[in-house]
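Undergrad: Have a look at the structure that comes next, please.
The values are calculated or read from the model by the stated rules, or taken from the named source; none is laboratory data. As the structure is a computational prediction, the values presented were derived from the model and not from experiment. When we count neighbours, we look across all protein chains shown, and the Cβ atoms used for this are built from the backbone with ideal geometry, even at glycine. Keep in mind that these areas ignore ligands, DNA and RNA; they rest on the heavy atoms of the full protein, side chains included. Shrake-Rupley method; radii C 1.70, N 1.55, O 1.52, S 1.80 Å.
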Amino acid sequence: TMAHSKALLVLENFIGGKFVTCSSYIDSYNPSTGDVYCRVPDSGKEEVEAAVKAAKDAFPIWSSKSPLERSRILNKLADLIEHDLEAFAQAESKDQGKTITFARTVDIPRAVYNFRFFASSILHHTTECTEMATMGCVHYTSRAPVGVAGLISPWNLPLYLLTWKIAPAIACGNTVVAKPSEMTSVTAWMMCKLLEKAGVPHGVVNVVFGTGAKAGEALVCHPDVPLISFTGSTLTAQRITEKSAPHCKRLSLELGGKNPAIIFDDADLTQCIPVTLRSSFANQGEICLCTSRIFVQRGIYNEFLKRFVAEAKKWKVGNPSDPTVDVGALISEEHLEKVRSYVKKAQAEGARVLCGEGVDSLTLSAGNQKGYFMLPTVIAEVKDESCCMQEEIFGPVTCVVAFDTEEEVIKRANSVKYGLAATVWSSNVGRVHRVAQRLQSGLVWTNCWLVRDLNLPFGGMKASGIGREGAKDSYEFFTEVKTITIKH
């Protein structure tokens, strides 16, 4: 009904500095209530074509600005988002299902910091120079922006991961066409409203909303988009690789993880347990860096399990807008079913579910009965070859298993197709270094989790992706290098 649609938030594409209506729309749900609350443009070839054209037209002017000019604009945009931090946090929590606390303390501050960080780092890059005195030659390198960057971001950390792509792309002088997830598009649309005020010229940042199959595909296949940065599933990445191959595009792919936490018997459990709870259940377990396989040395296995489960049961699940809640809603009904199916498979295989799904009852307030909620779930006695230990579940579920030796646990930790992140808990410095060296993982945290220095490379091995991002790595990805030789 018309009355019904009036109450809904309706998003529009942002192309060439203007909001543009779309001919068809997709429903977006509020995960904590199960109701449709927003309509998202269902863009395709035509909209992507218009956005790429706008980005191409804006490229000569934007790329010829000095790094300092671009830096000032990025800093202004950061200030504007920070000024509206609470509104962004509320929107992110409502749209994604994450707790308001997580959105306020992690998502939006990090989005602000992404712009500030690249606004600063762009000022400090230097190029190389070598001399060949005997031949009377000097060589130097120069770097230039590549052109229109296609940026595709996921639904778990919507503004956080979108800005982690937009910031380096435009800092380096590229223009962009971004496609956020159709399930979480609201904060990207809110950001578009601030671009003009920040001084971002028309066409430098274009946002096209829609599905991967339609809008994403059109962007990946567009001949005038030389680079694609994607965060999401390994399956989608395979399709992106195939579709972009005929155009020889440059790809940066940040994919899933099946991240191990390795806890040796000399670990400090008073620190280890609270952090491992966070690394398992933060953001409903919907972070590619979450630890979903916990290997505990046999000597402390029973004690760890007892304490870990007791603490997991204290995590409060419910209305994301309640600041005392620890776990919000999962992204969609479909995703909740998928996550639950893993717990059922584990039970069918004879594993023990110690708390959470199907074991404890979840009480929700009246307005949240139809929301996509799930209790933090701990599974023990799972076999290494089980799908629960091999596949990314991406929900509040973690598997705890025992191990005996260092050698054995390294082998088991490496026995999955992914290699994104790992955590190691031990007070033995030698062991920490030895194990870190041998884990097939792009990131290893020891005695901590998710402590990020944006200067350093971020990314995974094996099926967890291609390429790295960070101060130097993102600069290299988003610029083209040229070697120039001068004979004098």
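Undergrad: Among (1) under 30 Å from residue 31 (Cβ atoms); (2) crowded, with 21+ Cβ neighbours inside 10 Å, which single condition is residue 104 missing?
TA: If we test residue 104 against (1) under 30 Å from residue 31 (Cβ atoms); (2) crowded, with 21+ Cβ neighbours inside 10 Å, just (2) comes out false.
Undergrad: Follow-up question, since we're still on this one. From the residues in region 205-232 that are in a helix (DSSP H, G or I) and open to solvent by 20 Å² or more (accessible area, probe 1.4 Å), which one is nearest to residue 464 (Cα to Cα)?
TA: In this case the residue turns out to be 212.
Undergrad: Would you mention how many residues in region 233-292 are assigned to a helix (DSSP H, G or I) and either open to solvent by less than 10 Å² (accessible area, probe 1.4 Å) or of a type in the set (A, V, I, L, M, F, W, C) (or both)?
TA: Of the residues in that region, 18 qualify.
Undergrad: Ok, one more. Show the residue pairs meeting these rules: Cβ distance below 7 Å; 6+ apart or different chains; first residue within region 436-450 and within 13 Å of residue 413 (Cβ to Cβ); second residue part of a loop (DSSP other than H, G, I, E, B) and open to solvent by 20 Å² or more (accessible area, probe 1.4 Å).
TA: 439/414; 440/414
Undergrad: Do we find that residue 373 is touching an Asp or Glu at 6+ places or on another chain (Cβ under 7 Å) and of a type in the set (Phe, Trp, Tyr) in this structure?
TA: no
Undergrad: Hey, does region 126-135 have a residue that's within 30 Å of residue 318 (Cα to Cα) and not aromatic (Phe, Trp, Tyr)?
TA: Scanning region 126-135, I find no residue that is within 30 Å of residue 318 (Cα to Cα) and not aromatic (Phe, Trp, Tyr), so the answer is no.
Undergrad: Could you pull out the residue among 329, 346, 310 that is assigned to a helix (DSSP H, G or I), among the small types (Gly, Ala, Ser) and in contact (Cβ under 8 Å) with a residue 24 or more places away in the chain?
TA: 346
Undergrad: Whether any residue in region 67-77 is touching a residue at least 24 places away in the same chain (Cβ under 8 Å) and acidic (Asp, Glu) is what I want to check.
TA: Taking every residue of region 67-77 in turn, none turns out to be touching a residue at least 24 places away in the same chain (Cβ under 8 Å) and acidic (Asp, Glu).
Undergrad: Pick from region 245-282 the residues that are touching a helix residue (DSSP H, G or I) at 6+ places or on another chain (Cβ under 9 Å) and among the small types (Gly, Ala, Ser): which of them is farthest from residue 476 (Cα to Cα)? Please lay out each step first, then the result.
TA: The first filter runs over region 245-282 and keeps only residues touching a helix residue (DSSP H, G or I) at 6+ places or on another chain (Cβ under 9 Å), leaving 246-247, 249-256, 258-267, 269, 272-274, 276-277, 280-282.
So of that shortlist, the ones also among the small types (Gly, Ala, Ser) come out as 252, 256, 261, 267, 280, 282.
Working: 252: 11, 256: 23, 261: 31, 267: 38, 280: 33, 282: 32 Å.
That would be 267.
Undergrad: Kindly list, by first and then second residue, each pair from a residue in region 459-487 that is closer than 21 Å to residue 166 by Cα to a residue that is among the charged types (D, E, K, R) and open to solvent by 20 Å² or more (accessible area, probe 1.4 Å), limited to pairs with Cβ atoms under 6 Å and residues at least 6 apart or on different chains.
TA: Close Cβ pairs (under 6 Å, with a partner that is among the charged types (D, E, K, R) and open to solvent by 20 Å² or more (accessible area, probe 1.4 Å)) amount to 459/468; 479/143; 481/143.
Undergrad: I would also like to ask the following. Is there a residue being crowded, with 24+ Cβ neighbours inside 10 Å, among the hydrophobic types (A, V, I, L, M, F, W, C) and either farther than 22 Å from residue 177 by Cβ or in contact (Cβ under 8 Å) with a residue 24 or more places away in the chain (or both) anywhere in region 17-34?
TA: Among the residues of region 17-34, not one is crowded, with 24+ Cβ neighbours inside 10 Å, among the hydrophobic types (A, V, I, L, M, F, W, C) and either farther than 22 Å from residue 177 by Cβ or in contact (Cβ under 8 Å) with a residue 24 or more places away in the chain (or both), which makes the answer no.
Undergrad: Applying the selection to region 191-203, what residues are in contact (Cβ under 8 Å) with a residue 24 or more places away in the chain and under 12 Å from residue 77 (Cβ atoms)?
TA: 191, 192, 194, 195, 196, 197, 198, 199, 200
Undergrad: Between residues in region 290-306 that are within 11 Å of residue 401 (Cβ to Cβ) and in the same structural domain as residue 417 (by the TED database) and residues that are among the basic types (Lys, Arg) and open to solvent by 10 Å² or more (accessible area, probe 1.4 Å), which pairs lie under 8 Å by C-beta distance while being six or more apart or on different chains?
TA: 295/412
Undergrad: Could you tell me how many of the residues in region 78-101 are in contact (Cβ under 8 Å) with a residue 60 or more places away in the chain, open to solvent by less than 40 Å² (accessible area, probe 1.4 Å) and over 23 Å from residue 182 (Cβ atoms)?
TA: Here the count works out to 1.
Undergrad: Let me ask you something else. Looking at 49, 86, which is the one that is closer than 28 Å to residue 173 by Cβ and among the acidic types (Asp, Glu)? Walk me through how you get there before you give the answer.
TA: Details: 86 fails: closer than 28 Å to residue 173 by Cβ.
So the residue among 49, 86 that is closer than 28 Å to residue 173 by Cβ and among the acidic types (Asp, Glu) is 49.
Undergrad: A further question on this structure: Considering (1) open to solvent by less than 80 Å² (accessible area, probe 1.4 Å); (2) in contact with a strand residue (DSSP E or B) (Cβ under 9 Å, 6 or more places away or on another chain); (3) more than 30 Å from residue 321 (Cβ to Cβ); (4) of a type outside the set (A, V, I, L, M, F, W, C), say which one residue 41 fails and leave the rest.
TA: Result: residue 41 passes all but (3).
Undergrad: Are there helices (runs of 4 or more DSSP H) fully within region 386-478 with at least 2 residues that are more than 21 Å from residue 234 (Cβ to Cβ) and not assigned by the TED database to the domain that holds residue 270? List them. Write out each step before concluding.
TA: Numbers: elements: 387-390, 406-413, 429-438, 471-477.
So the answer is 471-477.
Undergrad: Then there's this: Which members of region 429-442 meet the condition of being within 15 Å of residue 257 (Cβ to Cβ), out of contact with any Leu (no Cβ under 7 Å at 6 or more places or on another chain) and surrounded by 21 or more Cβ atoms within 10 Å (Cβ to Cβ)?
TA: Correct list: 439 only.
Undergrad: State all residues of region 385-428 that are open to solvent by 10 Å² or more (accessible area, probe 1.4 Å), of a type in the set (Ser, Thr, Tyr) and within 20 Å of residue 289 (Cα to Cα); if no residue qualifies, say none.
TA: Hits for region 385-428 are 415, 418.
Undergrad: As an exercise: evaluate residue 182 against (1) in a loop (DSSP other than H, G, I, E, B); (2) without any contact (Cβ under 8 Å) to a residue 12 or more places away in the chain and give the number of the one condition it does not meet.
TA: Condition (2) is where residue 182 drops out.
Undergrad: Quick one: in region 52-75, which of the residues that are crowded, with 17+ Cβ neighbours inside 10 Å and among the basic types (Lys, Arg) is nearest to residue 170 (Cα to Cα)?
TA: Step by step, filter region 52-75, then rank; the result is 70.
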